[in-house]
Amino acid sequence: MSTRVSAEKLEAFCLQALEQAGVSASHAKIVADVLVTTDTWGVFTHGTKLLRDYIKRVRAGGLRVDAEPHVVASGPAWSIVDGESCLGHVTSTFAMLDAIERAKKSGIAYVGVRNSCHFGAAGYYAWLAAKAGLIGISMANDIPSVAAAGSRRCVTGSNPIAYAVPVGSGDPILLDIAISTVAGGKVYAAYQRGEPIPDNWIIDSEGCPSTDSSLYPASAALAPMANHKGYGIALLIESLSGLLTGASVTWQVGSWIWGDATKPTNHGAAFIAIDIASIMPPAEFEARVTHLANEIHEAPTADGVERVLLPGEREWNLRRKALAEGIDLPSDVVGKLAGLATDLGLQADWLNS
């Protein structure tokens, strides 16, 4: 059974929990906004459900509360950011904002990140660029959890990638995907809710498809999206997020959930911003992207389909509803937040309703 809570109350709870764990008010505000925004999009696997695990790592010392991300090398259109093992949301926000400012001067900018951690939903950072009128791309690496075409074990991380394209006064086009068929969090969530999974989500230790979610991650790997295509994209993300930044790669990346919580994970990430105004007049781009959106919306549809949606359209509609009526948190999310409240001795009336 879901629990409805306003975005304001959920954010206040996150802020209270983070600050009680020793996170500064400024860092807590960033993390809370990333997580609650993600929940308003209906992406509950990457929202406030993860807060308890982040705070466990903070309290153990693997995530630092006494450091700030900073630029360690740079040029006019690029920089490398050292996250100093801060919360990944803080470092990633810092990095994308840096990419935006450099792109406004140079037209396009790349910012790579090292010494980071899990950063939640990649789409949030791409959206930061779109809100500023730029095209944004964000990505990160992770410890392997996804098989390669033909392998019997994990080879790459689920390595998310997202992009956002501004559409004038409308909602940005926004796509946020893992290179696996589904994110590992969806397998966990299905297992926790006792729900079956499709046979194309994971492969067992023999390299065969399985519907047994209990096998993951100890005895199974996520299946790569579109087989060799997802695997190939994963290596691109690994190159930009890990190889080029000096972060750990593949099996050298620490597991932020299962690994030693006292140690940094050294995740890598990469952010790209493209300044539309440097390339063409924004009004011209807006007219072109609006024409594209209208063309897609007018495409003939299959039976039972009202219209073809742009990437992100479903999420923006969910966000508007969530902000107006409250967020319907699934039971597994509520359970994690209730556990966090117990850990920290916090009270929230909506958790007990």
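Of all the residues that make up the range 186-210, how many are in contact with a strand residue (DSSP E or B) (Cβ under 8 Å, 6 or more places away or on another chain) and farther than 16 Å from TRP258 by Cβ?
Adding up the residues that qualify gives 10.
Quick one: which of THR301, THR262 is under 30 Å from SER158 (Cα atoms) and exposed (fewer than 14 other Cβ atoms within 10 Å of the Cβ)?
On inspection, the qualifying residue turns out to be THR262.
Exactly one of (1) outside any helix (DSSP H, G or I); (2) touching a Phe, Trp or Tyr at 6+ places or on another chain (Cβ under 9 Å) is unmet by ALA99. Its number?
Of everything listed in (1) outside any helix (DSSP H, G or I); (2) touching a Phe, Trp or Tyr at 6+ places or on another chain (Cβ under 9 Å), ALA99 misses just condition (1).
LEU292 fails exactly one of the following numbered conditions: (1) under 19 Å from the mean Cα position of the chain (by Cα); (2) surrounded by fewer than 19 Cβ atoms within 10 Å (Cβ to Cβ). What is the number of that condition?
Unmet for LEU292, out of (1) under 19 Å from the mean Cα position of the chain (by Cα); (2) surrounded by fewer than 19 Cβ atoms within 10 Å (Cβ to Cβ): (1).
Would it be correct to say that ILE202 is among the β-branched types (Val, Ile, Thr) and buried (at least 21 other Cβ atoms within 10 Å of the Cβ)?
Against the criterion (among the β-branched types (Val, Ile, Thr) and buried (at least 21 other Cβ atoms within 10 Å of the Cβ)), ILE202 qualifies.
Given the conditions (1) more than 16 Å from LEU340 (Cβ to Cβ); (2) within 22 Å of the chain's Cα centre (by Cα), report the number of the one that ALA17 does not fulfil.
(1) is the only condition that ALA17 fails.
Report those helices (runs of 4 or more DSSP H) wholly inside the range 244-353 carrying at least 3 residues which are among the acidic types (Asp, Glu).
Result: 282-297, 313-325.
When you scan the range 125-140, do you find a residue that is in contact with a Lys or Arg (Cβ under 9 Å, 6 or more places away or on another chain) and buried (at least 19 other Cβ atoms within 10 Å of the Cβ), even just one?
yes
Being of a type in the set (Gly, Ala, Ser) and under 12 Å from ASN141 (Cα atoms) is the filter here; which residues of the range 220-245 pass it?
ALA234, SER239, SER241, GLY242
Being surrounded by fewer than 18 Cβ atoms within 10 Å (Cβ to Cβ) and closer than 15 Å to LEU51 by Cα is the filter here; which residues of the range 319-330 pass it?
none
Computed from the coordinates by the stated procedures, all read-outs in this text should not be read as laboratory data. Just so it is clear, the model here is predicted, and its values are computed rather than measured. Please note: Cβ atoms are built from the backbone with ideal geometry, for glycine as well, and neighbour counts cover all protein chains shown.
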